[in-house]
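What follows is one structure encoded as structure tokens, with my remarks underneath.
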Amino acid sequence: MEINFKGKKALVTGAGKGIGRSVAKKLVELGADTVALSRTQSDLDSLKQEVPGITTVQCDLSDWDQTREIVGNIDNIDLLVNNAGVAALDKFLDVKKQDIDWCFDINYKAVFNVAQVVAKSMVARKSGGSIVNVSSTASLQGLEDHAVYCCTKAAVDKLTKVMALELGQYKIRVNCINPTVVMTPMGKRVWSDPARADPMIARIPFGRFVEVDEVVDSIMFLLSDKASVIHGVLLPVEGGLLTS
Ligand code: NDP
């Protein structure tokens, strides 16, 4: 199966590190005119050095108005990967309001905000398009210390469904991927301790976490015309974790 994005323009959020960085690089490899948006300028500088053909845009997605302005100035987006995300872990009894606000601002409100700006432009241009929201298996399970994170991702799942319902008539496909643990900078921060990781791995029939490229390939599939009638799905990328 060959995927080609020649003639398409893509926007990836959270493209400075981890999954988003690899997604942006893959999109360039497959021919897309790619815009990598992230928070830390030095990450964007090193990405630009690695992939000179990429366009980089610095933006803090927690700023609603600035995000609308910056994303609104990127013309003709056909493919959107809403990838940026953060995790604040704590026991339910200890969670602070500021962590709830921080996580919902980036994991949910920014997804909503960016997608709304991009989809409005797709509708106005009658271009159609494809949007992939990066959720997590955490949206579908209860995970210790993840009360806030799980809820932000459950919100992304539900947003994906409603977007799919409303945007299908404009030929805008909207899907979501739900990976289990990936050892990105975020994954390492949360899952490096074997006391936390081992019980999780024990629940995965494949007996391992997933690799960044396995998530990237799933996103490429959903973005592409190979998934032409796949719409409104939550695609688990998890070695069978959710089967148990
Ligand atoms: P990383 O922390 O490794 O990378 C996240 C990227 O998002 C960074 O470049 C970060 O920039 C950027 N970002 C965070 N906050 C903002 C912001 N306010 N504005 C702009 N950019 C921002 O995370 P992963 O690659 O692991 O995660 C990517 C997505 O995948 C997330 O949505 C995450 O929830 C999801 N996911 C991750 C899993 C995992 O185990 N790693 C499993 C399942 C889902 P900076 O560092 O400058 O803040």
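The values are calculated or read from the model by the stated rules, or taken from the named source; none is laboratory data. Every value quoted in this text rests on a predicted model; they were computed, and no experiment measured them. Backbone-built Cβ (ideal geometry, glycine too); neighbour counts: all protein chains shown. Remember, those area values only see protein heavy atoms, side chains included, never the ligands or the DNA or RNA. Shrake-Rupley method; radii C 1.70, N 1.55, O 1.52, S 1.80 Å.
Calculated mean residue ellipticity at 222 nm for the chain: -13000 deg cm²/dmol, from DSSP H runs with n ≥ 4 weighted as -39500 (n - 2.57), summed, divided by the residue count and rounded to 500. Packing around the peptides 122-131, 23-32, 204-213, taken as the average count of other Cβ atoms within 10 Å per residue, puts them in this order, highest first: 23-32, 122-131, 204-213.
Of the residues Cys151, Cys103, the one with the largest accessible area comes first in the ranking Cys151, Cys103, computed with a 1.4 Å probe on protein heavy atoms.
If R0 is 45 Å, the Cβ-Cβ spacing of Gln98 and Lys171 corresponds to a FRET efficiency of close to 0.65.
Between segment 224-244 and segment 185-202, what's the alpha-carbon centroid distance in Å? The two parts, judged by their Cα centres, are 23 Å apart. For segment 9-231, averaging the sequence separation of C-alpha pairs within contact (under 8 Å, six or more residues apart) and dividing by the residue count gives a relative contact order of 19 percent. When a 1.4 Å probe is rolled over the protein heavy atoms, the share of accessible surface on the chain that falls to carbon and sulfur comes to 53 percent. The Cα center of segment 1-36 and the Cα center of segment 146-184 differ in position by 19 Å.
Computed about its Cα centre, the charge dipole of the chain is approximately 520 debye, with only Lys, Arg, Asp and Glu carrying charge at their Cβ. For the residues Tyr149, Tyr170, Tyr108, a GNM of the chain with alpha-carbon springs under 10 Å puts the largest fluctuation on Tyr170.
Note on Asp193: accessible area is roughly 90 Å² with a 1.4 Å probe, heavy atoms of protein only.
Taking each of Lys91/Lys158; Lys26/Lys226; Lys6/Lys26; Lys153/Lys188; Lys8/Lys48; Lys109/Lys158 in turn, the alpha-carbon distance tops 22 angstrom for Lys91/Lys158. As a calculated quantity, the FRET efficiency between Glu2 and Glu211 at R0 = 22 Å, using C-beta atoms, amounts to about 0.55.
Shown for the chain are the DSSP H helices of 18 Å or more along their axis, judged by Cα atoms, with a mean Kyte-Doolittle hydropathy of at least 1.0: 110-125. Among Leu222, Leu143, Leu93, the largest mean-square fluctuation in a Gaussian network model of the chain (Cα springs under 10 Å) belongs to Leu93.
Which residue, Leu167, Leu89, Leu11, has the most motion in a Gaussian network model of the chain that connects Cα atoms within less than 10 Å? Comparing Leu167, Leu89, Leu11 in a Gaussian network model of the chain, the most mobile one is Leu89.
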